[in-house]
Amino acid sequence: MTFAQATERRSSVTIAPAPMDITAPDAEPALLSVRDVSHYYGDRAGCRHISLELWPGEVLGIVGESGSGKSTLLNLLAGRFPPSSGSIHYRDGEGVLHDINGLSEAVRRRLLRTEWGFVHQNPRDGLRMRASAGGNIGERLMACGGRHYGNIRRSALDWLSRVEITTDRIDDRPTAYSGGMQQRLQIARNLVSSPRLVFMDEPTGGLDVSVQAKLLDMLRQLVRQLNLSVALVTHDLAVARLLAHRLIVMRHGEVVETGLSDQVLDDPQHPYTQLLVSSILQG
């Protein structure tokens, strides 16, 4: 059973520490299990005492204002930062449970090129700007073992079409693309290897409203078609409502509210969440 089918049986993120091998009712085991994780920058807390699960086929939105700790949490989940305390475990496609902070470099690299993807807010951070569009997509396929040039190029053409980039641009460098096209190319580069889990850091940030709408519609379709699990950081509650099944709301490095997206946004319980929602309505 997918996350969407089991959603009504789970109401929120688990805040208190719990046994490691938690399974949602009538669903597969969690992909990510986070237990009492904190991260400090010297004496300042980036995030404190966070516990949650991310399930197969689920989009988990992480929202809050700038400095709330949401990007710190995303980098912890992706193994880019080591936690100061607590644990983060990932269950791979073969059912093996990995301690993210204890991964060997070889295993971490394997997961990054096969089962994980990371979509940066600035696509230039996630692309090779001196390589062609086809080269950017093909590089990830080659990292997964692809060697046949014709097959790699056909896959690149297919994915350019999927992200609505005309295939005659395959040999152009990303520097010749608009910001929205660069972001769509970065998404194609990440998804071409059929990852199970994708981390997205403000994927629509800095784009024009019309470009954002087109990108969001494309993302929603791809997430559904590929049954992706996604950890999504955004400050935009409209983006969170459109893409996320569940939300966690962060402030000063702590989770202040969790729940299904519509529940949190239509009936916020915490004063800070109420302030976020009301500021959008007033805007």
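Tabulated values for the structure
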quantity	calculated
Anisotropy class of segment 160-207 from Cα gyration tensor, a/c 1.5 cut	oblate
Cα centre as origin, Lys/Arg/Asp/Glu Cβ charges: segment 143-241 dipole, Debye	400 debye
Using a Förster distance of 22 Å, the FRET efficiency for residue 214-residue 80 (Cβ separation, nearest 0.05)	0.15
HN-Hα J in Hz across segment 255-264 - Karplus 6.51, -1.76, 1.60, θ = phi - 60°, x for Gly and Pro	7, 9, 7, 9, x, 4, 4, 5, 5, 5
Rounded to 10°, Cα long-axis angle of helix 133-143 versus longest principal axis of the chain	70 degrees
Amide hydrogen neighbours beyond the local backbone of residue 119, cut-off 5 Å, H modeled	199, 200, 201
Longest site-free stretch - the chain; sites: GluC sites (Glu not before Pro), DSSP loop, at most 16 other Cβ within 10 Å	165-283
Cα centroid separation - segment 146-225 against segment 234-252, whole Å	22 Å
Segment 118-238 - percent of accessible surface contributed by carbon and sulfur, probe 1.4 Å	46 percent
Charged-residue dipole, Cβ positions (Lys, Arg, Asp, Glu), the chain about Cα centre, Debye nearest 20	980 debye
Antiparallel DSSP beta bridges within the chain, as percent of all bridges there, nearest 5	55 percent
Highest-fluctuation residue, 225, 263, 183 considered, GNM on the chain with Cα pairs under 10 Å	225
Segment 169-229 - accessible surface per residue (Å², probe 1.4 Å)	40 Å²
The chain: equivalent-ellipsoid semi-axes (sqrt of 5 x gyration tensor eigenvalues, Cα, Å)	30, 22, 18
Net length gained if the chain between residue 263 and residue 28 were fully extended (0.36 nm per residue, minus Cα distance)	82.2 nm
Equivalent ellipsoid semi-axes - Cα gyration tensor, segment 70-197, angstrom	29, 17, 11
C-alpha long axis of helix 105-114 to longest principal axis of the chain, angle in °	70 degrees
Difference of contour (0.36 nm per residue) and Cα-Cα distance, residue 105 to residue 224	39.7 nm
Contour excess over end-to-end distance, with Cα ends at residue 43 and residue 166 and 0.36 nm allotted per residue	39.3 nm
Amide H contacts of residue 59 (H built 1.01 Å from N, under 5 Å, at least 5 apart or other chain)	230, 245, 246
Helix 271-282 vs. the chain, principal-axis angle (Cα, 0 to 90°, nearest 10)	50 degrees
Dipole axis of segment 101-253 (+1 Lys, Arg; -1 Asp, Glu on Cβ), positive-most option in 107, 141, 155	107
Volume per residue that the Cα convex hull of segment 173-283 spans, once the total is divided by residue count, Å³	120 Å³
Förster-model FRET efficiency, 41 Å R0, residue 279 and residue 148, C-beta, rounded to 0.05	0.20
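The values are calculated or read from the model by the stated rules, or taken from the named source; none is laboratory data. None of the values given here were measured: they were computed from a predicted structure. Because the Cβ atoms are built from the backbone with ideal geometry, glycine has one as well, and the counts that use them run over all protein chains shown. Areas reflect the complete protein model, heavy atoms only, side chains present, ligands, DNA and RNA absent. Shrake-Rupley method; radii C 1.70, N 1.55, O 1.52, S 1.80 Å.
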